[in-house]
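Reading through the structure tokens given below for one structure.
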Amino acid sequence: MHLNSENRVTAYAGFPFRPDAPLHPDHKQVCSYLRSYDNFFGVMPQIRFGFRFKQVQLQGAQWRITLADGCDKVFDPVVIGSGHQNRLAHPERVGQDSYAP
């Protein structure tokens with residue numbers, strides 16, 4: 001896979017791709033970029049994978065996250081990845097049986 005957008009518009013603000021990066025980086029170069037971002041900003045220790053949350057509640061300028069097991073923690077920013085591409089889900093299409101693979 002290669003990005004179909006230029007690296008300069010794909011990069012996070014204030015953290016550009018390396019100057020020698022190609023215009024459209026491949027998946028290995030994007031992965032390297034994301035690892036560099038993490039090394040610089042320390043993002044991964046804040047990420048929780050596979051947890052079910054019970055509640056997300058704004059408290060002043062911060063967010064209190066309560067997990068299904070009752071644990072909670074306060075964060076400044078919050079991103080919730082629903083995993084919507086975890087399972088293939090295509091709507092039924094009229095006439096789809098008439099097309100040969």
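For residue 49 and residue 24, the difference between the fully extended length at 0.36 nm per residue and the C-alpha to C-alpha distance is 6.1 nm. Distant-in-sequence amide contacts of residue 53, defined by a placed amide H-H separation under 5 Å and a gap of 5 or more residues or a different chain, comprise 68. As a proxy for reagent exposure, ranking 1, 44 by other Cβ atoms within 10 Å from fewest up yields 1, 44.
Evaluating 6.51 cos²θ - 1.76 cosθ + 1.60 at θ = phi - 60° for every residue in the range 67-73, the Karplus couplings come out as 7, 4, 7, x, 5, 9, 8 Hz, glycine and proline recorded as x.
The string of couplings for the range 24-39 from the Karplus curve (6.51, -1.76, 1.60, θ = phi - 60°) is 10, x, 8, 5, 5, 5, 5, 4, 4, 4, 5, 5, 4, 4, 4, 4 Hz, one whole number per residue in order, with x for Gly and Pro. A full extension of the chain between residue 64 and residue 41 corresponds to an added length of 6.1 nm, given 0.36 nm per residue minus the alpha carbon distance.
In the range 1-87, the inverse of the mean reciprocal separation of distinct Cα atoms equals 15.5 Å; this is its Kirkwood hydrodynamic radius.
Just so you know, all these numbers are worked out from the coordinates, no wet-lab data involved. Just so it is clear, the model here is predicted, and its values are computed rather than measured. We place every Cβ from the backbone using ideal geometry, glycine too, and count neighbours over all the protein chains shown.
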